[in-house]
1. For residue B:98, give me every one of the lysines with a C-alpha distance below 28 angstrom, ignoring sequence neighbours fewer than eight places off in its own chain.
2. Answer rounded, prolate or oblate for chain A, using the Cα gyration tensor with square roots of eigenvalues a ≥ b ≥ c: rounded when a/c is under 1.5, else prolate when a/b is larger than b/c, else oblate.
3. Using only the alpha-carbon atoms, what does segment B:94-224 span along each of its principal axes? Please give whole angstrom values in decreasing order.
4. Sort A:36-49, A:93-106 for me by packing, meaning the mean count of neighbouring Cβ atoms within 10 Å per residue, highest on top.
5. Given q = 0.11, 0.17, 0.18, 0.21 Å⁻¹, what are the Debye log10 I(q)/I(0) values for segment B:253-334, with equal point scatterers placed on the Cα positions and solvent ignored?
6. Before anything else, pin down the relative contact order of segment B:204-283: Cα pairs under 8 Å, at least 6 apart, normalised by residue count, whole percent.
7. Excluding same-chain residues fewer than 8 positions from residue B:127, which aspartates and glutamates have a Cα within less than 14 Å of its Cα?
8. Near residue B:211, within a Cβ-to-Cβ distance under 15 Å, what is the net charge of the other residues, with Lys and Arg +1 and Asp and Glu -1?
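What follows draws every value from the coordinates through simple rules; no lab data is involved. Source: prediction; values computed, not measured. Here the Cβ positions follow ideal geometry from the backbone for every residue, glycine too, while neighbour counts run over all protein chains shown.
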Amino acid sequence: MIVVGSFLPWLRSGQASRNSYATGGAVRQLLDTGRVVDDLLALWPVIGIACAVAVALFLIGLRSLAAVVAGLSAIAAGAASIAALAASPSSFAKVALPGPVVTLIGATLVALAVLLRAFAAVAVPRSSR
Amino acid sequence: MTEEDLAPGFEILPQPPKRRHGKLLTSIAAVVVLGAGGAISYVAFSASGGGASSPDKAVQNVIGDLQNADLIGVLDDLAPGERAALSGALNDDVASLKRLGVLADGADPTGVSGVHFAAHDLTYADKTITVNDHVQIVQITGGSVDLGGNVAQLPFTQRFLDLTHAPDKDQSQHVTIDHPVRIAAEKVDGGWYASLFYTAADAAAGHRIPAAGDSIPAVGADTPEDAVDKLIRSALSLDLRSVIGIVSPDELGALHDYGAMLAANLPTPHALPVTLKSIDFTSTPITDGMRVSIKDVSLTVQGQQINAAINGGCATVDAGPLHETVCPKDAPNLIGGLVGGLSCAGFSYGSSSGGSGGGMVGPHHVIKSRASSHASSPMPAPAPSILPSSGAGTFGCQSPKFTDAQKQAITDLLTGLISSGGVDTAQVGGQWFITPVRTLADLGANVLGALKGDDLYVLSSIGR
């Protein structure tokens, strides 16, 4: 859902809409975002491969490491979605809901899954399973 | 466990071969997932900008974005240097115009039907015209364009629409392209972008292609202050080549490439009777550059020494017997005096009142006369003043009377002008250059930013 959401509309300008990657590019080029935000936006396209790495690690049995990568991805995607939803519209562009909302739902589900796994690991020791 | 460990009657049966297929399939699935993730990231990186693959595509992108009323797309299509010059100020302008009640706060950008642009059956020349290794001209040879607008449907406030008496009717125009329309595209970092300034330069040059000898090389300075110093000295000595040379090649590369050709079309200017003695600057960081403002300057104009300094938002001028400090709050009286003077078909001169070496003229005007400060001088010569005095209107001239709100609006306007007045500079290839377009765009944005509340409407009421 994080990856699907990232390709849904995030920004509308006129009759055109942009996915999260095109939005990130436009924001970097048109707004004075500051160095840190600019670097984070430059890294945003990595979210796809990060989610893939989390799934691949899970498949090959490295589940704790997969949970860490998935958790980081969820944090990044959640932060991006919340930032987009909180952004104030300008007179020529406004945030489109589908992309950030779907991404935020995906990030929340992943975060819950990671938390559940962490809770299970702590509450139910390996020896008792 | 071995055979010896087994109880009698038991034996170890041969084990079926371990299933390795599961692990293999899992590994293949992991690799596929990684490949898909890589592909997604590659597509994502491609979507995050970088220009078009050809000059034609760059122009088509602009036309497509115009048709979609996609202002962000249009800005994104521009060459990065031009985009940087315009976009920052545009963002600030939009925010300021909302604050000042010109643009509606809750305007829905997706519902803007105030302007429409539709291109039909556009055809392009088979080949582009090469200007140099990074600029090509795309020719639109046929088709038609429908261009229309209804100001009343733009996201302006009703108050602004009432003020401008904008008619609530659609005004459309159909244009058939019967001769080539030339649009320049510039290649930056491997991507092609439409270029406003190269398009303008091409038109200004009468569509002639500049030769290599027409180019004026970019020669920057070591510091932002040196760049502005060079600009001012070059301008005062009417050295147009040096003026163009210090202009940012990122922002106005067109000026460099077409420089000699454009300069040849200008009339030869007369020498200025001005000599720059010294100049000192203050610099403030701006996004991707520095804004350089004049702190103090010493000039000789026709043998007359003039010193000027800007401090705390006020300008102090020393010119012979004249010594004046003008602050933004003086502006309404200054403007009133100037307008009053002009209404007499000539400038009126105020004179410092009081015989003790200068005095106060108006509530904020600090005027000191060096000539009159000589105690030994029996008849101190009146110091000429550019500020209106209590004698303004002596000749029966009427100065405009400003309301308190108008005075405040003028003060805010002048505060914006003085506080943000400066020349924007940017670094290109380790050298500092002037960015004139950004300077003008930022100045406009900063002046708008300095206005408050109803200032814009109050200013528009002056003289009505």
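1. Straight-line reach from residue B:98, under 28 Å: A:94, B:169, B:329, B:407, B:452.
2. On the way: a/c = 2.69, a/b = 2.40, b/c = 1.12.
The shape class here is prolate.
3. For segment B:94-224, the Cα spread along each principal axis is 54, 49, 27 Å.
4. My ranking of the peptides, most packed first, is A:93-106, A:36-49.
5. With no solvent term, the Cα-only Debye profile gives -0.53, -0.94, -0.96, -1.00.
6. Numbers: 78 pairs, mean separation 31.3, N = 80.
Across segment B:204-283, relative contact order equals 39 percent.
7. Reachable aspartates and glutamates: B:56.
8. Here the charged neighbours net out to -3.
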